[in-house]
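Read the structure below first, then the notes.
The values are calculated or read from the model by the stated rules, or taken from the named source; none is laboratory data. The structure displayed is predicted, hence computed values, not measured ones. FYI the Cβ positions are ideal-geometry reconstructions off the backbone, even for glycines, and counts take in every protein chain you see.
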Amino acid sequence: MSYKIAIVGPIPVDTIRTYKGETITKYGCVTHPAIALAKLLEGIGEVIPIANIHKKDSKPILDLLNNYGNINTNGVYSDKDLGTIIELNFIDQNNRLEKQTANMGPITPEDVAPFLDADCFVFVPITDFEIEIETLKYIKAHSNAKIIFDAHGPTTYVTEEGKRLRRYWDDRDEWLKYIDVLKMNLEESLCSWVDKDYSDEELYNEDSTEHLDAFAEYVLNTNVSTLYVTLDSRGCAAYTKDEGSVKKDFIHSVSVKDVIDTTGCGDSFAGGLAYGFAVHNDHIKAAHYANTLGALRTQGKGFDVFKSLVETEELISKHY
């Protein structure tokens, strides 16, 4: 069987200053899960990145993606000349200051229309304007694809000065009608549940987990069938419903000795979920692949951190 996974979001030019003082410049976001999935699906499936980019970035981005024979680049659009530029300054291993100096044109129904035969669409927006809700509605109306959605986008906005800040996801309920699998981190779960001003980072505790069970029950009473909340180096919590009752599973992380760069871990995690659902249709196995791709992402600066399916499953068998 041949699988098809579409990954929707920006391909930003990332300038990253790590917590160890190194500076890394590379293409980010969609590229991480696209290349990770290309390696997992080699010989058995196709990966379809869907993004708007700057014209000047078209050749280097396509050259990068075309290194992998099963990446279909027909959804990488440069005609609008609207791409993303991001600066990330890590304070420590997991926390960073963010600045955005160019904004991707939003992904519309027209952009995804050629790829409605995909097994799933993975949305990895990083800012609130990058995906139109009409795009999710269109997929639901014209495709049987599962929609996996990362809440990083709708819980983040950009100020006029380019500073990237957290916000409350005020139209959450409208979006949840069209999402099958929702993925977020702890900070984003707070921004999706507690309605207050998040522009002052001292106003909330991003390690708070007391709200998660009530939040999960609320989310699972919508169209969402599975909620994942990532817990940094600890792993992730997966919430599902079993005979009407909320079921919570904790899936511990894949341990790594040294963390070099955490940029793209969440995007890679989302890619792992897509593989697990598309190939196994199992939310626990999906978490195994997700945790593993997230851990692999930390192990270097480039895309060679991602492994073949055989190597990845060997790593999974060691930890699970």
Name the residue that is farthest from Arg17 (Cα to Cα), counting only residues in segment 99-127 that are surrounded by fewer than 17 Cβ atoms within 10 Å (Cβ to Cβ) and at pLDDT below 95.
Ala102
Looking at this structure, is Lys307 within 27 Å of Ser2 (Cα to Cα), touching a Leu at 6+ places or on another chain (Cβ under 8 Å) and charged (D, E, K, R)?
yes
Top-ranked residue in segment 45-57 [being β-branched (Val, Ile, Thr) and either touching a His at 6+ places or on another chain (Cβ under 9 Å) or in contact (Cβ under 8 Å) with a residue 60 or more places away in the chain (or both); ranked as farthest from Val8 (Cα to Cα)]
Ile48
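Is it true that some residue in segment 272-294 is surrounded by 15 or more Cβ atoms within 10 Å (Cβ to Cβ), part of a loop (DSSP other than H, G, I, E, B), among the β-branched types (Val, Ile, Thr) and out of contact with any Lys or Arg (no Cβ under 6 Å at 6 or more places or on another chain)?
Within segment 272-294, the subset surrounded by 15 or more Cβ atoms within 10 Å (Cβ to Cβ) is 272-279, 283, 285-294.
Then drop every residue that is not part of a loop (DSSP other than H, G, I, E, B), which leaves none.
Checked segment 272-294: no residue is surrounded by 15 or more Cβ atoms within 10 Å (Cβ to Cβ), part of a loop (DSSP other than H, G, I, E, B), among the β-branched types (Val, Ile, Thr) and out of contact with any Lys or Arg (no Cβ under 6 Å at 6 or more places or on another chain).
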Pairs please, first residue from segment 69-91 and on the phi > 0 side of the Ramachandran plot, second anywhere and surrounded by 14 or more Cβ atoms within 10 Å (Cβ to Cβ), Cβ atoms under 8 Å, 6+ apart in sequence or on different chains.
Asp81/His54
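From the list Gly300, Gly266, Gly276, which residue is of a type outside the set (A, V, I, L, M), touching an Asp or Glu at 6+ places or on another chain (Cβ under 8 Å) and closer than 19 Å to Gly45 by Cα?
Details: Gly300 fails: closer than 19 Å to Gly45 by Cα; Gly266 fails: closer than 19 Å to Gly45 by Cα.
One residue alone meets the criteria, Gly276.
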How many residues of segment 13-64 are within 16 Å of the chain's Cα centre (by Cα), at pLDDT 95 or above and of a type outside the set (Gly, Ala, Ser)? The answer is 11
Looking only at segment 193-211, which residues are modelled with pLDDT of 75 or more and among the polar types (S, T, N, Q)?
Ser208, Thr209
Look at Asn221 and say whether it is modelled with pLDDT of 90 or more and more than 19 Å from the chain's Cα centre (by Cα).
yes
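If I go through segment 135-157 residue by residue, how many of them are in contact with a Leu (Cβ under 8 Å, 6 or more places away or on another chain) and not in a loop (DSSP other than H, G, I, E, B)? Reasoning before the result, please.
Filtering segment 135-157 for residues in contact with a Leu (Cβ under 8 Å, 6 or more places away or on another chain) gives 139, 142-143, 145, 147-149, 151, 156-157.
Next cut, not in a loop (DSSP other than H, G, I, E, B) only: 139, 142, 147-149, 156-157.
Residues that pass the stated criteria total 7.
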What is the one condition in (1) at negative phi; (2) in contact (Cβ under 8 Å) with a residue 40 or more places away in the chain that Ser245 does not satisfy?
(2)
Exactly one of (1) surrounded by fewer than 18 Cβ atoms within 10 Å (Cβ to Cβ); (2) within 22 Å of Lys307 (Cα to Cα); (3) among the β-branched types (Val, Ile, Thr) is unmet by Thr23. Its number?
(2)
